[in-house]
Amino acid sequence: MEFRHLRYFLALAEELHFGRAAERLSISQPPLSLNIQQLEASVGARLFTRSSREVRLTAAGAAFVPKARALLEQAQEAARHARDVERGLVGRLQIGFVGAMLYRGLPQMLRQFQAQHPELRVLLHELSSQEQLIELSHERLDVGFVHTTQVPPELSRILVARQPFVGCLPATHPLASCATLALRELEGYPFATVARAVSPDYHERIVALCTAAGFHPDLRYELRHWLSVVSLVSQGLGVALVPEALRESGLANTVFIPLTATADSPAAPYDTYCLWKTKRDNAPLVSFLEAVKAAEV
């Protein structure tokens, strides 16, 4: 039994006339008759009664109609699904991200992407940059958004965002009303940072920026997440340098002040990269990377 036999059978079952069914199928009557005979032989039952005046479904033929229709619909659905998989419209996509991306356009980009790919299941994992590099190398993530320039050679990258560091201070801090902040002014205050083990790049850059400004920061609190850093600052326990996007965190009792760039302490950008394994053959990944390139995250 072939799908061609089912199509011919359903056409004849609906028309109950060999001539009209053959015309509908764009074939002549002899091939239609032959295929119906082949189908009946395959099924092992007569599906039609024929006379010079009419064609009628047998009881077996009437019972076979819904089953034949369901088989064809399943075959068509299977073909559509295969095409959608090849085009990256269905499947699963594992995405890693650092917390600051929640305030740098990632949710908006994901909403638009999901609206265009409703059958694609997107799974999000908040991880540090270092954790994402490990997960990407083991192909447990398809794509990651990281804050590191130390990228293994097997990974490709796109620069998706560039933002400055800003000073993050409690609202009650003596410097909280300043329009701009010279980094040297934070000397002597306890600093909150993301831990070196979580983000060595960030940790080292904070130390380097402060050293260039003429002091060594008092790194009192090392935390796992950006929001933890800002939350601790909001409690009046310290100060921090954070990506500008954290302004959107909405935590009360904090202020974010632009840093004054000097020759000794330039306003270093805080870059975000989208990473993926270069040789990975994944249609959903290809579709998502197209969305990343089109978005202004």
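The values are calculated or read from the model by the stated rules, or taken from the named source; none is laboratory data. Predicted model only: the values in this text are computed from it and were never measured. Note that we place each Cβ from the backbone using ideal geometry, even for glycine, and neighbour counts take in every protein chain shown.
Name the single residue that is nearest to Leu209 (Cα to Cα) among those in the stretch 153-169 being within 20 Å of the chain's Cα centre (by Cα) and surrounded by 14 or more Cβ atoms within 10 Å (Cβ to Cβ).
Ala161
Looking only at the stretch 175-201, how many residues end up being surrounded by fewer than 15 Cβ atoms within 10 Å (Cβ to Cβ) and acidic (Asp, Glu)?
Here the count works out to 1.
State all residues of the stretch 142-152 that are in a loop (DSSP other than H, G, I, E, B) and crowded, with 19+ Cβ neighbours inside 10 Å; if no residue qualifies, say none.
Asp142, His147, Thr148, listed by residue number.
Consider Met101 against the criteria (1) surrounded by 15 or more Cβ atoms within 10 Å (Cβ to Cβ); (2) modelled with pLDDT under 90; (3) farther than 24 Å from Leu251 by Cβ: it satisfies all of them except one. Which criterion is unmet?
(3)
In the set Glu139, Glu119, Glu135, which member is surrounded by 15 or more Cβ atoms within 10 Å (Cβ to Cβ), farther than 22 Å from Pro258 by Cβ and among the acidic types (Asp, Glu)?
Glu135
Within the stretch 172-179, is even one residue under 24 Å from Leu127 (Cβ atoms) and hydroxyl-bearing (Ser, Thr, Tyr)?
no
Here are the criteria: (1) touching a strand residue (DSSP E or B) at 6+ places or on another chain (Cβ under 9 Å); (2) among the aliphatic types (A, V, I, L, M); (3) under 23 Å from Leu159 (Cα atoms). Tell me which single one Ala208 does not satisfy.
(1) is the only condition that Ala208 fails.
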